[in-house]
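Undergrad: Please find one structure pasted underneath; my questions will follow.
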Ligand code: ARG
């Protein structure tokens, strides 16, 4: 299925503050390498036939490359982000402006803290929503009311997996892959109940952000280091498309973090 993605070139990318355990401002990150790797991700999407739109990067917002956090778009309705950390606060309005500038008129400015598709993952009949580190549980109800889709709360418990999209990804509209250890016992039960046939990833694959992947239902764009998970995906009939985003991982991001899906 052809997808439409919004991406932001990492022209101002840096690791200069630490808001998750992956970030070490002392060690920093190489912007040129990050740009080259990001271009590889963008070409991978284009080679798969997907449409990529671009938002202008803003100086002083080094994490703006992580477009997934900018909003949640379902059925043409744009639920805006409201960031947990002041360092990223200005990204919310910047992404909302892109949508209004591009003709999206069903836009909701969120009253509650939420980090867009970082914590909201959309399937055919429901939206999975993370909480525990960034997105406030009150935003789950707000998103459900605005989008008119059932939103299922999942509690994250491991600080390495601070956004839902670092621990789980939809394989298609009906099934997911996830790392159980990132979730509370109750949420693990919810996941087992909803997705008895899920792909279960191990800690090794999760620890290279292998679950921060983007599936179009056939191809799965995934961090190259997640070897075990790629094997299992192949066994299930998916085609892994490995990419190297190791420089962006120094900020705690992977392929999915760099990608905001626009569902018209
Ligand atoms: N440094 C960013 C942060 O901590 C990384 C965001 C990654 N995005 C994501 N969708 N998981 O906010």
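We did not get these values from a lab; they are worked out from the coordinates using the rules stated. Please read all numbers here as calculations on a predicted model, not as lab measurements. For neighbour counting, all protein chains shown are included, and Cβ atoms are generated from backbone atoms with ideal geometry for every residue, glycine included.
Undergrad: Could you tell me whether segment 136-175 comes out rounded, prolate or oblate from its Cα gyration tensor? Rule is a ≥ b ≥ c as square roots of the eigenvalues, rounded for a/c under 1.5, then prolate if a/b exceeds b/c, otherwise oblate. If you can, show how the numbers build up before the last one.
TA: Values: a/c = 2.99, a/b = 1.25, b/c = 2.40.
Oblate.
Undergrad: In a Gaussian network model over the chain where Cα atoms closer than 10 Å are linked, find which of 254, 116, 141 has the largest mean-square fluctuation.
TA: So, out of 254, 116, 141, the one fluctuating most is 141.
Undergrad: How big is the antiparallel share of DSSP beta bridges in the chain, given as a percent to the nearest 5?
TA: Taking every DSSP beta bridge with both residues in the chain, the antiparallel ones total about 45 percent.
Undergrad: Okay, next question. Pop a pseudo-label 7 angstrom from the Cα along the beta-carbon direction at both residue 101 and residue 138 and give the gap in nm to one decimal.
TA: Those two pseudo-labels are separated by 3.1 nm.
Undergrad: In Å and whole numbers, how far do the C-alpha atoms of the chain stretch along each principal axis, longest first?
TA: Taking the Cα atoms of the chain, the three principal extents are 43, 40, 36 Å.
Undergrad: Got the relative contact order for segment 1-80 handy, in percent, Cα pairs under 8 Å and 6 or more residues apart?
TA: Once divided by the residue count of segment 1-80, the mean separation gives 42 percent.
Undergrad: Each label point is 7 Å from the Cα along the Cα-to-Cβ direction; what then is the distance between the points at residue 193 and residue 30, in nm?
TA: In this crude label model, residue 193 to residue 30 measures out at 4.9 nm.
Undergrad: Another question about this same structure. Choose one answer from 194, 209, 147: the residue with the largest mean-square fluctuation in a GNM of the chain with alpha-carbon springs under 10 Å.
TA: Maximum fluctuation in the GNM of the chain, among the listed residues, is at 194.
Undergrad: Moving to a separate point now. Which one, 12, 140, 163, has the greatest fluctuation when you compute a Gaussian network model over the chain with C-alpha springs under 10 angstrom?
TA: 12
Undergrad: Quick one: grab the alpha carbon gyration tensor of segment 31-94, order the square roots of its eigenvalues as a ≥ b ≥ c, and give me rounded if a/c is under 1.5, else prolate or oblate depending on whether a/b is larger than b/c.
TA: Oblate, because a/c is 1.5 or more while a/b does not exceed b/c.
Undergrad: Could you check the simple spin-label distance between residue 263 and residue 202, using points 7 Å along Cα→Cβ, in nm with one decimal?
TA: Placing both labels 7 Å beyond Cα along the Cβ direction yields 3.2 nm.
Undergrad: Calculate the length of the line joining the C-alpha centroid of segment 160-200 to that of segment 9-84, in whole Å.
TA: With segment 160-200 and segment 9-84 each reduced to a Cα centre, they are spaced 23 Å.
Undergrad: Could you sort the peptides 108-115, 212-219, 35-42 by per-residue average Cβ neighbour count (10 Å cutoff), highest mean leading?
TA: Top to bottom by mean Cβ count within 10 Å: 212-219, 108-115, 35-42.
Undergrad: Have a look at the DSSP beta bridges in segment 95-206 and tell me what percent are antiparallel, nearest 5.
TA: Here the antiparallel bridges make up roughly 50 percent for segment 95-206.
Undergrad: Percent relative contact order of the chain, based on C-alpha pairs within less than 8 angstrom and at least six residues apart?
TA: 22 percent
Undergrad: So, one more: Decide, for segment 1-144, between rounded, prolate and oblate: order the square roots of the alpha carbon gyration tensor eigenvalues as a ≥ b ≥ c, take rounded if a/c falls under 1.5, and otherwise choose prolate if a/b is larger than b/c, else oblate.
TA: Oblate is the answer for segment 1-144, as a/c is 1.5 or above yet b/c matches or exceeds a/b.
Undergrad: Also, quick follow-up: Zone of residue 244 (label point 7 Å along Cα→Cβ, backbone N under 14 Å): which residues in segment 202-225?
TA: Flagged as within label range: 223-225.
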